[in-house]
Amino acid sequence: MYADLPLRLGEIQVAGYSIQKIKNHEVPLLRRKVGIIFQDFQLFADRSVAENLNFVMRATGWKESGKMKARLAEVLMQVGLGAVERKMPHQLSGGEQQRVVVARALLNEPVILIADEPTGNLDPEVSMVF
């Protein structure tokens, strides 16, 4: 659905892109419209929460540091992690790491979210919020 593997049969339209006809240079544009929540976090262990999220913003075209800082704070508040931006991933519980991954997926206000068990590592009370 996010053009990681070639489509061999059928047709799929995702966020306005035809997956079977998508050109290589269009894949990054598609991925800016799709939020992906991996089950195994995929956080950089050597970077803080803020650095992990800023990396994604820079990689997807964000340039203004003020807007980046505001968006970072906004998505962390949305997932109930307003005070963790300076923490390293290993300093967070599994549930907190999962919420960082959800925040990362929300950064670019995607038109669709693709999630592999997004609440599997969350406490039952927290998973009800999502």
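The values are calculated or read from the model by the stated rules, or taken from the named source; none is laboratory data. Everything numeric in this text was worked out from a predicted model, so none of it was measured. Quick reminder, even Gly has a Cβ in these numbers, built from the backbone with ideal geometry, and neighbours come from all protein chains shown.
Name, by its number, the condition in (1) surrounded by fewer than 17 Cβ atoms within 10 Å (Cβ to Cβ); (2) touching a residue at least 24 places away in the same chain (Cβ under 8 Å); (3) closer than 16 Å to Ile112 by Cα; (4) not small (Gly, Ala, Ser) that does not hold for Ile37.
In the conditions (1) surrounded by fewer than 17 Cβ atoms within 10 Å (Cβ to Cβ); (2) touching a residue at least 24 places away in the same chain (Cβ under 8 Å); (3) closer than 16 Å to Ile112 by Cα; (4) not small (Gly, Ala, Ser), Ile37 misses (1) alone.
In segment 44-87, how many residues are among the charged types (D, E, K, R), surrounded by 13 or more Cβ atoms within 10 Å (Cβ to Cβ) and over 14 Å from Leu106 (Cα atoms)?
Residues of segment 44-87 among the charged types (D, E, K, R): 46-47, 51, 58, 63-64, 67, 69, 71, 74, 85-87.
Okay, now just the ones that are also surrounded by 13 or more Cβ atoms within 10 Å (Cβ to Cβ), so 47, 51, 69, 71, 74, 85, 87.
Subsequent filtering for residues that are over 14 Å from Leu106 (Cα atoms) retains 47, 51, 69, 85, 87.
Of the residues in that region, 5 qualify.
Are there any pairs, at least 6 apart or on different chains, whose C-beta atoms fall under 9 Å, with the first in segment 45-62 and closer than 14 Å to Leu92 by Cβ and the second among the basic types (Lys, Arg) and in a helix (DSSP H, G or I), and if so, which?
Hits for this filter: Ala50/Lys69; Asn52/Arg104; Leu53/Arg71; Leu53/Arg104.
Sort out which residues of segment 45-99 are at pLDDT 95 or above, part of a helix (DSSP H, G or I) and among the β-branched types (Val, Ile, Thr), and write them in order of number.
Scanning segment 45-99 gives Val49, Val75.
Could you please tell me which pairs satisfy a Cβ distance under 9 Å, a separation of 6+ or placement on different chains, a first residue in segment 2-25 that is more than 17 Å from Ile112 (Cβ to Cβ), and a second residue that is buried (at least 16 other Cβ atoms within 10 Å of the Cβ) and modelled with pLDDT of 90 or more?
Taking only residues 6 or more apart or on different chains, the pairs are Pro6/Ile19.
Looking only at residues in segment 28-44 that are of a type in the set (A, V, I, L, M) and outside any helix (DSSP H, G or I), which one is farthest from Met1 (Cα to Cα)?
Restricting attention to segment 28-44, the residues satisfying the condition of being of a type in the set (A, V, I, L, M) are 29-30, 34, 36-37, 43.
Checking which are outside any helix (DSSP H, G or I) leaves us with 34, 36-37, 43.
Numbers: Val34: 9, Ile36: 10, Ile37: 13, Leu43: 21 Å.
Per the stated criteria, the residue is Leu43.
Is it true that Arg8 is part of a loop (DSSP other than H, G, I, E, B), of a type in the set (Lys, Arg) and farther than 19 Å from Val111 by Cβ? Quick ask: steps written out before the conclusion?
On the way: part of a loop (DSSP other than H, G, I, E, B): yes; of a type in the set (Lys, Arg): yes; farther than 19 Å from Val111 by Cβ: yes.
Yes, satisfied.
Just to be sure I understand, how many residues within segment 6-19 are more than 22 Å from the chain's Cα centre (by Cα) and surrounded by 14 or more Cβ atoms within 10 Å (Cβ to Cβ)?
Result for segment 6-19: 1.
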